[in-house]
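J.: Questions regarding the structure given below will be posed in turn.
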Amino acid sequence: MKHLLSPLPYGYAALEPHIDAHTMTLHHDQHHASYVTNLNAALEPFPELHERTASWLLLNLNKVPEKIRTAVRNNAGGHVNHGLFWRAMSPTGGGTPAGPLADAIKLAFGSLEQFKAQFDEAGGKVFGSGWVWLARAQKDGGGLQVMTTPGHDNPMMQGHFPILVNDVWEHAYYLKHENRRADYLKGWWSVVNWQEAARRFDRSDHSAEQEWETDGGLVLEATK
Ligand SMILES: [Fe+2]
């Protein structure tokens, strides 16, 4: 099994004006593609790992040979996180969440607006390259929380199921928004895919634990 780069689930220009086609093209076809290439290259001498999903590798780094552990962490993480990120956005995105996810956000943060403010503040404070997440704990009642991770780390590595994610590496926004990360974060809500977040929330409880440990809820076509 080789890890494969799936096409974007929409066109390169589909998220304009918030994210321009040039940024999307470079981000998917160059950045994400390089993580897939580098992951396959790192794993190539280790056939015992060839059937493992990228999420499994991230969750089991202690079973990955030390020689390639950092490369696997960075590139499996890059592959998983970008797969989640593309689906966290939609050309028909924006609006507000509905159903159980909306209720859980209200319970955890007070209101949708307070959640967005907390998410934007956390994303703005990420030093260097990283990610900002809405994630659900798998223990202690399974509450929602805003988290950040450095590099290409994923909340799964700390026992949290990812619900929603934004990429705050400069390559995600710099061509259009330049140094104004706060503008990028604020405008991102106009493309956020609440349906996908709700789908992930619905499968994030303890009954989904087995699935969570194997694929992190990522669509497996990305890792055939
Ligand atoms: Fe990225």
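The values are calculated or read from the model by the stated rules, or taken from the named source; none is laboratory data. Nothing here was measured: the structure is a model prediction, and the numbers come from that model. Glycine gets a Cβ as well: all are built from the backbone with ideal geometry, and neighbour counts include every protein chain shown.
J.: Step by step: first the residues of segment 159-191, then only those that are in a strand (DSSP E or B), hydrophobic (A, V, I, L, M, F, W, C) and within 16 Å of the ligand (Cβ to nearest atom), then the one that is farthest from Leu112 (Cα to Cα). Which residue is that?
T.: By that ranking, first place goes to Val165.
J.: Taking the condition of being over 17 Å from the mean Cα position of the chain (by Cα) and either assigned to a helix (DSSP H, G or I) or of a type in the set (Ser, Thr, Tyr) (or both), how many residues in segment 40-55 meet it?
T.: Summing the residues that are over 17 Å from the mean Cα position of the chain (by Cα) and either assigned to a helix (DSSP H, G or I) or of a type in the set (Ser, Thr, Tyr) (or both) in segment 40-55 gives 7.
J.: Report, ordered by the first and then the second residue, all pairs with beta carbons closer than 9 Å, sequence separation of six or more or different chains, a first member in segment 146-165 that is touching a residue at least 60 places away in the same chain (Cβ under 8 Å), and a second member that is assigned to a strand (DSSP E or B) and of a type in the set (Ser, Thr, Tyr).
T.: Going by the 9 Å Cβ cut-off, the qualifying pairs are Met157/Thr149.
J.: Determine the pairs where a residue that is under 21 Å from Asn40 (Cα atoms), located within segment 74-88, has a partner that is more than 7 Å from the ligand (Cβ to nearest atom) and acidic (Asp, Glu) with Cβ atoms under 8 Å apart, the partner being 6 or more residues away or on another chain.
T.: As it stands, the answer is Gly77/Asp153, since those pairs meet every condition given.
J.: Specify the residue that is surrounded by the fewest Cβ atoms within 10 Å (Cβ to Cβ); the eligible residues are those in segment 70-82 that are away from the ligand (no atom under 11 Å from the Cβ) and over 14 Å from Leu59 (Cβ atoms).
T.: It comes out as Thr70.
J.: Spot the failing condition for Asn193; the list is (1) modelled with pLDDT under 95; (2) buried (at least 16 other Cβ atoms within 10 Å of the Cβ); (3) of a type in the set (S, T, N, Q), and only one is missed.
T.: Checking Asn193 against (1) modelled with pLDDT under 95; (2) buried (at least 16 other Cβ atoms within 10 Å of the Cβ); (3) of a type in the set (S, T, N, Q), the one that fails is (1).
J.: Given the conditions (1) within 16 Å of the ligand (Cβ to nearest atom); (2) in contact (Cβ under 8 Å) with a residue 12 or more places away in the chain, and given that Gln30 satisfies all but one, which numbered condition is not satisfied?
T.: (2)
J.: Can you say whether His22 is within 13 Å of the ligand (Cβ to nearest atom), surrounded by fewer than 18 Cβ atoms within 10 Å (Cβ to Cβ), within 24 Å of Ala182 (Cβ to Cβ) and in contact (Cβ under 8 Å) with a residue 60 or more places away in the chain, as far as the supplied structure shows?
T.: Considered against the rule, which asks whether it is within 13 Å of the ligand (Cβ to nearest atom), surrounded by fewer than 18 Cβ atoms within 10 Å (Cβ to Cβ), within 24 Å of Ala182 (Cβ to Cβ) and in contact (Cβ under 8 Å) with a residue 60 or more places away in the chain, His22 comes out as no.
J.: On to the next question. Looking at segment 86-107, is at least one residue within 30 Å of Lys186 (Cβ to Cβ), in a loop (DSSP other than H, G, I, E, B) and within 16 Å of the ligand (Cβ to nearest atom)?
T.: Within segment 86-107 (the criterion being within 30 Å of Lys186 (Cβ to Cβ), in a loop (DSSP other than H, G, I, E, B) and within 16 Å of the ligand (Cβ to nearest atom)), the answer is yes, since at least one residue qualifies.
J.: Still on this structure: Could you pull out the residue among Gly141, Gly128 that is surrounded by fewer than 20 Cβ atoms within 10 Å (Cβ to Cβ), of a type in the set (Gly, Ala, Ser) and within 21 Å of Arg180 (Cα to Cα)? Walk me through how you get there before you give the answer.
T.: On the way: Gly141 fails: within 21 Å of Arg180 (Cα to Cα).
Just a single option satisfies the conditions, and that option is Gly128.
J.: Another question about this same structure. When only residues in segment 35-69 that are among the β-branched types (Val, Ile, Thr) and surrounded by 21 or more Cβ atoms within 10 Å (Cβ to Cβ) count, which is farthest from the ligand (Cβ to nearest atom)?
T.: Checked segment 35-69; the qualifying residue farthest from the ligand (Cβ to nearest atom) is Val64.
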